[in-house]
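First the structure, in the form of structure tokens, and then the observations on it.
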Amino acid sequence: RNEKEKKFWLLMMLLSSFIPVGFANLGLVLRKYPFVEASSMRLEGSFTHPNILAFYLAFVATVVFYVLKTGVFRLSGVMKSFLWLYMANVLVVLIATQTRSAWMAVAILFLCYGVLKEKKFLFVCLLGGLVLMATPQVQSRMKDLSEGTGSRSHEKLNSAAWRVKLWESAIPSIKKRFVFGYGLESFRPLSGGFFVLEPGGVPAHNVYVELLFETGGVGLFAFLWIYRSIHRTFFLRMVRYRAGPLSTESVILFAYVIGYLFVCVSDNMLHYLAFNWYFWFFVGLMLQPVSPQLQTKAQS
């Protein structure tokens, strides 16, 4: 309802992250169950899957970056240094989850911010990308994409090729009920009938395919319209307050939501309830009407 409450909840989101991030750091050191996924040794911390931890870490990095760049709190030099180090630690833990789409979401955040606000971040992204490509975890995950592409018969598909095969198998069924779909939560139980690699059924691993299948074109349009409205709000603030905290805030949120929509292409984002609570609370907090005091501060 006001700037004081906004700051309070931002602080709560930031402070509350210390517990799961600390737990994930413990897993980074111990490297054993229950901190890591038993089958792949990917870090999952206190979450039920490495991907959920990864998207939460991308969220934490966004919140920390927001606090640092908008000046919403008066930070001492020591506190700023601590937050930069904390974000670096969050990104290190993020690498250990081995979740490629979450890596891309963070890259999109910094790239968009660099293009729209501070050009020097484009150099930071380039340098950071080169450093990341030198790490064994990133090299291993990138190498996976070049193997198991389905070009040879009877080879095990990599995760990307497997997803493409799943989506292609769903297209004939989508065409049959393109307008309204088959109903919510119908993809997994019905997928066994058209996807021969998983006769027991499997999630869509793509929000847009899942919504087309379950709610048809009408549902997908409604889903995208929500984000169109969110981006319009942030973009209008960006244009209106070219300098100042409101512009910086809007650029960061604009970029973060774009990153979220990107990862919806390859993951079951609608099923990650714990992460979505954080995502929507953060976005909702930023969509609150701008106070006259902050408008004046931004315009000045």
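This table checks each residue for (1) in contact (Cβ under 8 Å) with a residue 60 or more places away in the chain; (2) under 19 Å from the mean Cα position of the chain (by Cα).
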position: V202; (1), (2): no, no
position: N206; (1), (2): yes, yes
position: V209; (1), (2): no, yes
position: E214; (1), (2): no, no
position: V218; (1), (2): no, no
position: F221; (1), (2): no, no
position: H231; (1), (2): no, yes
position: F234; (1), (2): no, yes
position: Y241; (1), (2): no, no
Original post:
Among G128, G114, which is the only one that is under 30 Å from F235 (Cα atoms), surrounded by fewer than 17 Cβ atoms within 10 Å (Cβ to Cβ) and under 22 Å from the mean Cα position of the chain (by Cα)?
Top reply: G128
Original post:
What residue, of L224, L246, is farther than 28 Å from K7 by Cβ and among the aliphatic types (A, V, I, L, M)?
Top reply: L224
Subject >> Yes/no for N25 being out of contact with any Asp or Glu (no Cβ under 7 Å at 6 or more places or on another chain), of a type outside the set (V, I, T) and modelled with pLDDT of 90 or more >> reply: yes
**OP:** Read through the list (1) open to solvent by less than 80 Å² (accessible area, probe 1.4 Å); (2) more than 25 Å from H271 (Cα to Cα); (3) at pLDDT below 80, then give the number of the only condition that E147 fails.
**Re:** (1)
Original post:
Just for the range 1-44: of the residues that are hydrophobic (A, V, I, L, M, F, W, C), open to solvent by less than 70 Å² (accessible area, probe 1.4 Å) and touching a residue at least 40 places away in the same chain (Cβ under 8 Å), which one is farthest from F279 (Cα to Cα)?
Top reply: L28
Original post:
Pairs, please: C-beta under 9 Å, at least 6 apart or cross-chain, first residue in contact (Cβ under 8 Å) with a residue 24 or more places away in the chain and in the range 171-191, second aliphatic (A, V, I, L, M) and part of a loop (DSSP other than H, G, I, E, B)?
Top reply: F187/V202; F187/A204; S191/V202; S191/A204
**OP:** Taking I226 as meeting all but one of (1) closer than 30 Å to Q288 by Cβ; (2) among the β-branched types (V, I, T); (3) buried (at least 17 other Cβ atoms within 10 Å of the Cβ), write down the number of the exception.
**Re:** (3)
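The values are calculated or read from the model by the stated rules, or taken from the named source; none is laboratory data. This structure is a prediction, so every number in the text was calculated from the model and none was measured. Neighbour counts are summed over all protein chains in view; Cβ atoms, including those assigned to glycine, are modelled from backbone coordinates with ideal geometry. When the accessible area is computed, the model is the full protein with side chains, heavy atoms only, and any ligands, DNA or RNA have been set aside. Shrake-Rupley method; radii C 1.70, N 1.55, O 1.52, S 1.80 Å.
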